[in-house]
Structures are given as structure tokens and as C-alpha cells.
Amino acid sequence: MLTIRPADHADLPELVRMSVALLPGDADEARSDVLRVLEDARAQTFVAQREDAHASGSLLAGYAEVSFRSYADGCGLDTPYLEAWYVDPDVRQTGVGRALVTAVEDWARQRGSVWLGSDCLLDNATSESAHKAVGFEEVDRVIQFRRALGR
């Protein structure tokens, strides 16, 4: 059994763990990002709390982070955006991801929104399937480029 609730500062270590699992990188940078969202009045993080600690010692099983973006493709201006969405492997395909997105949707509706934006990388079939499973529809595909400007 899991409980979906808003995150708080006590969840910081677990949120950092899951953030690094979602987007491998520097834990200090992930910590800064998590704290920024926890302190942003126009953002919210929801967590899936385990009834008992997992064998790994983790108390959380997933999270979803939402914040307002000035624009989201297919949604318009000032749109809530699912910035991060992660579920631990041992509870995937059990409804945890859907419950987290439902909490995000409720939060967005309470703020007068009619759309929720999100994205995933073109080659992330798992994320694409998960988004479609909870009702997201694809609105665009993009390949982004960059070019170094030598000095």
C-alpha cells in the first residue's frame, strides 16, 4: 500500500536518490534542483510513500514534479508541466505512476488549468508508453540541435 502526498523537506534524500535514478548526474545538482522546486510557490512535488520501508531502506517509491511554464506545445500559455516523473522499478505497472499523475492533475485543476504538458526523449519508449497509458496525447516531435561557437 502506498500513499500519495505532497513532498516536504524531510523527503530530500529520497527525492535526490530518485532524481539521480531518473536523470543520472551529480547528486549535489539534483539536491539544488529538488530544493528549488520545494520552495517554489508555482511548483509542487508529489511522492508515493511506502507503508513500510523497502528492503533497500527507501521510504518513497516514486515522485512527480509539476511547475508552470510560460508556454507548452499544444497547451498554450502559463501551463502546468510535468517536469519529472519517476517510479521505482519494484512498483512499476502497479498504478503508482497513474496515482502520481492524478495528484498532479488535481493540483493543476485547482489552479484553474485545463491542460497539463509533459515530454520525453524520442528514444525513451518506456516513458512514451507510460505517458500514453495515463492519457497524454502526442502533439509534436522535435530534434534539437546546437553548434559550438568557437572563440
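The values are calculated or read from the model by the stated rules, or taken from the named source; none is laboratory data. In this text the structure is predicted, and so the values were computed from the model without any measurement. Using ideal geometry, Cβ is built from the backbone for each residue, glycine included, and neighbour counts are taken over all protein chains shown. Heads up: the accessible areas ignore ligands, DNA and RNA and are worked out on the full protein's heavy atoms, side chains in. Shrake-Rupley method; radii C 1.70, N 1.55, O 1.52, S 1.80 Å.
At-a-glance table
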{"read-out": "Residues of segment 17-31 satisfying the condition of being open to solvent by less than 60 Å² (accessible area, probe 1.4 Å) and under 13 Å from Leu59 (Cα atoms)", "value": "Met18"}
{"read-out": "Qualifying residues in segment 71-111 (those that are among the hydroxyl-bearing types (Ser, Thr, Tyr) and either out of contact with any helix residue (DSSP H, G or I) (no Cβ under 9 Å at 6 or more places or on another chain) or modelled with pLDDT of 95 or more (or both)) - the one nearest to Pro24 (Cα to Cα)", "value": "Tyr86"}
{"read-out": "Close pairs from segment 15-35: first without any contact (Cβ under 8 Å) to a residue 60 or more places away in the chain, partner polar (S, T, N, Q) and surrounded by 12 or more Cβ atoms within 10 Å (Cβ to Cβ), Cβ under 8 Å, at least 6 apart", "value": "Leu15/Thr45; Arg17/Ser58; Ala30/Ser19; Asp33/Ser19; Val34/Ser19; Val34/Thr45"}
{"read-out": "Pair list, Cβ under 7 Å, 6 or more apart: segment 127-150 residue closer than 15 Å to Gln93 by Cα and without any contact (Cβ under 8 Å) to a residue 12 or more places away in the chain, other residue hydrophobic (A, V, I, L, M, F, W, C) and surrounded by fewer than 10 Cβ atoms within 10 Å (Cβ to Cβ)", "value": "none"}
{"read-out": "Unmet criterion (only one of (1) over 15 Å from Gln44 (Cα atoms); (2) outside any strand (DSSP E or B); (3) among the aliphatic types (A, V, I, L, M); (4) open to solvent by less than 30 Å² (accessible area, probe 1.4 Å)) for Val139", "value": "(4)"}
{"read-out": "Criterion (closer than 23 Å to Thr3 by Cβ and out of contact with any Gly (no Cβ under 9 Å at 6 or more places or on another chain)) met by exactly one of Asp119, Asp78, Asp90, Asp123", "value": "Asp90"}
{"read-out": "All positions within segment 112-126 that are open to solvent by 70 Å² or more (accessible area, probe 1.4 Å) and in contact (Cβ under 8 Å) with a residue 40 or more places away in the chain", "value": "Trp115"}
{"read-out": "Odd one out for Ala43, checked against (1) open to solvent by less than 80 Å² (accessible area, probe 1.4 Å); (2) within 15 Å of Phe136 (Cβ to Cβ)", "value": "(2)"}
{"read-out": "Sole residue being more than 15 Å from the chain's Cα centre (by Cα), farther than 18 Å from Asp8 by Cα, of a type outside the set (Asp, Glu) and part of a helix (DSSP H, G or I), chosen from Arg109, Arg147, Arg98, Arg151", "value": "Arg109"}
